[in-house]
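Every number here is computed from the coordinates shown, using simple stated rules; none is lab data. Just so you know, these numbers come straight off a predicted model, no measurement behind them. Note that we place each Cβ from the backbone using ideal geometry, even for glycine, and neighbour counts take in every protein chain shown.
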Amino acid sequence: MTIVDIDDTMTTVQPANTAAKKDLPPSMVERMTLILDAFDGRAARLTLEEVACRTQLPRSTVHRILDQLVKLDWVDHASFGYCLGRRALGLGGGDGGHSQIREAAAPLLHELHLQTGMVVHLSVLDGRETVYLDKVGGRFAAALPSRVGGRALAHSTAGGKAMLAWIDPERVDALFGTTLPRCTENTISEIGVLHQELNRIRQRRGLAFERGESARGVACVAAAIRGHEGPVGSIALCGDMRTAQLERVAPLVVDAAREVSRSLYPELGAPRRGRKAPPVPVNTFSADTMDRLLAVSTQHWI
């Protein structure tokens, strides 16, 4: 701003580029918000260039702010690019290895989507709820109520039931009590029925199915990612209940979950001398085995 002395009167002259200031980038808080908003449920992983394109901010600015967000756990930086961190996901106090799970699962989630065209969920168990760590999908993804960082009742989703099947029944009782809340008319609402369903899942060697239990018109199949002391997450394929061929894609889900388990816990695939191997199945189900497992599945729906 320039000050001019005219006839002993102080006059303020506005600079010629005042209007240009309106075109300057927004404040730091606004820039950070733009960057975090770029990571929506439809695209949980983004490259630096993709973030810059979505926010319309200079690439150097985006890179600098992303570095700060990574240091503060708002964003994670892994081999596949950037994704929301534990603070943005609302997971609180330490991520419990969630970053490692997401990084190990990321390429498999994309492969599953490309192979099937269905929506893929990566979830972890938090009490009686599941938390969505990742969501990959096409057009149908927008129709699902799930979002990265969102929560759902574990007993109503295939991914949640896949994890509940591998924890102690007493803990399931402690988590849910005797009456379970409903999301739809198909949601399991009694603890005894839930235990029956979890037993069926174990008989199917970990395959969990859901048909309109968490959201009307949605069908899912899932398998748990298992560690040393139980489930550490789950992978689910979801689609339109009218057209989804869950039985056809079920082996792909099982293989993906096992591969993530082996990536996170390589020692589980090779038992130590004198130690019995953990009960982690290997290889894809044979056709005969799949028929038997799915026979158990259909009994619940007849």
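Here are the numbers for the structure shown:
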item: Listed peptides 196-205, 251-260, 183-192, 162-171 by packing density, highest first (mean Cβ within 10 Å); result: 251-260, 162-171, 196-205, 183-192
item: Segment 45-83-segment 214-267 distance, computed between alpha-carbon centres (Å); result: 29
item: Cα centre as origin, Lys/Arg/Asp/Glu Cβ charges: segment 166-219 dipole, Debye; result: 280
item: Around Ser261: net Lys/Arg minus Asp/Glu count, Cβ-Cβ under 12 Å; result: 0
item: Unit charges on C-beta of K, R, D, E only; dipole of segment 136-230, Debye; result: 440
item: Point-charge dipole on Cβ atoms (K/R +1, D/E -1) for segment 59-215, about Cα centre, debye to 20; result: 360
item: Local net charge near Leu153, Cβ-Cβ under 10 Å (Lys/Arg +1, Asp/Glu -1); result: +1
